[in-house]
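**Q** Sharing a structure below in structure tokens format, with a few things to ask.
The values are calculated or read from the model by the stated rules, or taken from the named source; none is laboratory data. Model, not experiment: these values are computed from the prediction. Glycine gets a Cβ as well: all are built from the backbone with ideal geometry, and neighbour counts include every protein chain shown.
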């Protein structure tokens, strides 16, 4: 039941590579989508290092910089067949909007000026497209936040935290509302086998919601 007054953005993408199939014994006659996807992943890894150097001074996030994570690389059909299609699933957690623009501009330039000319020199129909699955803005901490003050009163907690994962709270602040995140559970138990929320924390949340109802109805 911590009070979260800020979190990173959550941007999720699938980048698709379309090449040209052929027999593995003559790889230069095809366009191996898996190999170009691997080059793209290497670019993501290079950007990860650059983003560390762009961490805002005094950032309270952990880690304090924008992160990139490669979740999956899929493609190909057999050992001896040049892969005609591949997909890279990846995400980015920006601490600042300028980092998101930096990454997207760099990848766009890398694809247009480096990868695609190499691919299309062999097969003019080769292509790279990125599917946007989500671009959820972060929740930026502010000096004045009515929601934060209400939650401090209701929970009795005087300290607030920042987290690296994303929620819908940033959407509400974009609409001009004040927002915080506060509820049962922990990211330490999330997205893994036997994910759970303790009954004690559920009860704490119900008690807090009861106090909120009393406050709003007063």
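**Q** Given the conditions (1) over 13 Å from residue 11 (Cα atoms); (2) modelled with pLDDT under 95; (3) exposed (fewer than 14 other Cβ atoms within 10 Å of the Cβ), which single one is not true for residue 63?
**A** Failing condition for residue 63: (3).
**Q** Working carefully through the options 162, 154, find the one that is assigned by TED's automatic domain parsing to the domain that holds residue 185 and under 22 Å from the mean Cα position of the chain (by Cα). Reasoning before the result, please.
**A** Values: 154 fails: under 22 Å from the mean Cα position of the chain (by Cα).
After ruling out the rest, the residue left standing is 162.
**Q** Restricting attention to the range 118-132, does a residue exist that is over 30 Å from residue 215 (Cβ atoms), surrounded by 14 or more Cβ atoms within 10 Å (Cβ to Cβ) and within 16 Å of the chain's Cα centre (by Cα)?
**A** Yes, there is a match, as at least one residue in the range 118-132 is over 30 Å from residue 215 (Cβ atoms), surrounded by 14 or more Cβ atoms within 10 Å (Cβ to Cβ) and within 16 Å of the chain's Cα centre (by Cα).
**Q** Quick one: would you say residue 70 is buried (at least 19 other Cβ atoms within 10 Å of the Cβ), in a strand (DSSP E or B) and under 16 Å from the mean Cα position of the chain (by Cα)?
**A** no
**Q** Return the pair list, or none, for Cβ contacts closer than 6 Å from residues in the range 9-36 that are in a strand (DSSP E or B) to residues that are crowded, with 21+ Cβ neighbours inside 10 Å and modelled with pLDDT under 95, at least 6 apart or on different chains.
**A** 10/166
**Q** Further question: Report yes if residue 147 is crowded, with 18+ Cβ neighbours inside 10 Å and part of a helix (DSSP H, G or I), otherwise no.
**A** Against the criterion (crowded, with 18+ Cβ neighbours inside 10 Å and part of a helix (DSSP H, G or I)), residue 147 qualifies.
**Q** The conditions are (1) part of a helix (DSSP H, G or I); (2) out of contact with any strand residue (DSSP E or B) (no Cβ under 7 Å at 6 or more places or on another chain); (3) assigned by TED's automatic domain parsing to the domain that holds residue 27, and residue 115 fails exactly one of them. Which is it?
**A** In the conditions (1) part of a helix (DSSP H, G or I); (2) out of contact with any strand residue (DSSP E or B) (no Cβ under 7 Å at 6 or more places or on another chain); (3) assigned by TED's automatic domain parsing to the domain that holds residue 27, residue 115 misses (2) alone.
Conditions tested, residue by residue: (1) more than 26 Å from residue 35 (Cα to Cα); (2) in contact with a helix residue (DSSP H, G or I) (Cβ under 9 Å, 6 or more places away or on another chain).
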residue: 49; (1), (2): no, no
residue: 61; (1), (2): yes, no
residue: 68; (1), (2): no, yes
residue: 71; (1), (2): no, no
residue: 77; (1), (2): no, no
residue: 81; (1), (2): no, no
residue: 85; (1), (2): no, yes
residue: 88; (1), (2): no, yes
residue: 100; (1), (2): no, no
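**Q** Give the residue, chosen from 179, 190, 121, 126, that is at pLDDT 90 or above and not assigned by TED's automatic domain parsing to the domain that holds residue 29.
**A** Among 179, 190, 121, 126, only 179 is at pLDDT 90 or above and not assigned by TED's automatic domain parsing to the domain that holds residue 29.
**Q** Also, quick follow-up: Looking at the range 154-163, which of the residues that are surrounded by 12 or more Cβ atoms within 10 Å (Cβ to Cβ) and in contact with a helix residue (DSSP H, G or I) (Cβ under 8 Å, 6 or more places away or on another chain) is nearest to residue 61 (Cα to Cα)?
**A** Checked the range 154-163; the qualifying residue nearest to residue 61 (Cα to Cα) is 163.
**Q** How many residues does the range 115-130 contain that are touching a residue at least 24 places away in the same chain (Cβ under 8 Å), out of contact with any helix residue (DSSP H, G or I) (no Cβ under 6 Å at 6 or more places or on another chain) and more than 14 Å from residue 27 (Cβ to Cβ)?
**A** 4
**Q** Could you check the range 73-89 and list, in sequence order, the residues that are surrounded by fewer than 21 Cβ atoms within 10 Å (Cβ to Cβ) and assigned to a loop (DSSP other than H, G, I, E, B)?
**A** Within the range 73-89, 76, 77, 78, 79, 80 meet the criteria.
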